1. Which of M235, M294 comes first, and how do the rest follow, when ranked by fewest Cβ neighbours within 10 Å?
2. Under 8 Å for C-alpha pairs, at least 6 residues apart: give me the relative contact order for the range 133-270, rounded to a whole percent.
3. Using R₀ = 56 Å, calculate the FRET efficiency as 1/(1 + (r/R₀)^6) where r is the Cβ-Cβ separation of I306 and E348; round to 0.05.
4. Work out, step by step, the length gained on full extension between L166 and L218: first 0.36 nm times the residue separation, then minus their alpha carbon distance; give nm to one decimal.
Amino acid sequence: MKDIGEGTIRRIDWTELTPVVLLLRVFNVALGVRVLAIALLGTCLTVLLGSLLSGVPLPGQACQMTDERFLRVGTVIDFVVRYDSYDAIKATRPNALAFPPMPIVVSFDDALNPCNTLIPYWTHTKLFLWLPGVFLIWVFCGGMICRIVALRLTVDESESTSTLFLFFRKRGIGYISSLIILSLGILCCFLPVLIAYWLATVPGVNYVVAILLPIPLLFALFTVILALGLAVGWMLLFAAVSTDGSDGFDAISRMFSYIFQRPLHYILYWICSGILGCLGYLLVFFISSCVAGMADAIASGDSTGIAVFWVGLIWLLPTAYAFAWFWTSSVAIYLLLRRSVDATPLTEVYRVVPPKVRTLPVIQQDERGAPEIGCIKVQL
């Protein structure tokens, strides 16, 4: 509460009084233009990558696949895209918005749900290409969203695009290094357990393994703890780098400290944020459905691939909002846990100082060859 002038309370700072109200800002921040645009970009790149690896034809190419699966693209548009030729779609549904299949629309379900549809049809090579690609896409997009959200939730400011890329160039390695370090830690802890398993199959050596069994059991415990922390709290690594400019080791230390010291807080924050996020998703889905229905009515007279592209983008907005909500909630929950564990104010955030251009004197010659003082610009 702010006491301003002669003991009169003019304003109540609800964030300081009840910090959990910070979660109420998640919906507003997730719908920000920059946040939603980056989330939409990441979603489109994920869909496009899955489409290319799935063998879905590019726009303008006829699709001669015999698969009889159907994908319903929305409830308001109310048309079905079949993996068949362009003429077959027109023949079965003359009034439908038929078009040569486009990756951004046709394979949306496949690209985002590989466990349900893509893995049975993919070779291991394609799967190994898909996972690193998606990882790199969301390291960049997720890191950018977390940085934007961190400034909005702490000091309610917005960095310029150049400053944002400067931060990513300076601290962006922390997003990847934290995940790699933690994964290597899990592997190193699991390796003694695996070695003990192999030695236990050797006659004579199995007795030694049985005597020293507490040692591999201890490593197994470390493996489970590290794997559990990575599974439930990996998103806090991105929040730590974006908020505090942490390196890989510091981000891992903060993640385990916050999760294991405040496990109930962590679960409660995600439950509250999830409820609010579902309500926001329903609202975004309803608005997108209405807009897509109007767009479909406008484009029904000229069913070109460009029109379908824009309709597909509209239908991707709810999914983009889900990604934006996820990264925004991660930062908000990280700020609440940091305040609870480290007593750090909610307004504290790592700032990037852009390089300054200063003018330094330089000696040069004039037209007659006499020395004179000029100026050059030096970036410091």
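Please treat every number below as a calculation from the coordinates, not as lab data. These numbers were taken from a predicted model, which means no experiment stands behind them. Cβ: placed from backbone, ideal geometry, glycine included. Neighbour counts: every protein chain shown.
1. Fewest-to-most Cβ neighbours within 10 Å comes out as M294, M235.
2. Relative contact order for the range 133-270 comes out at 32 percent.
3. 0.75
4. 14.5 nm
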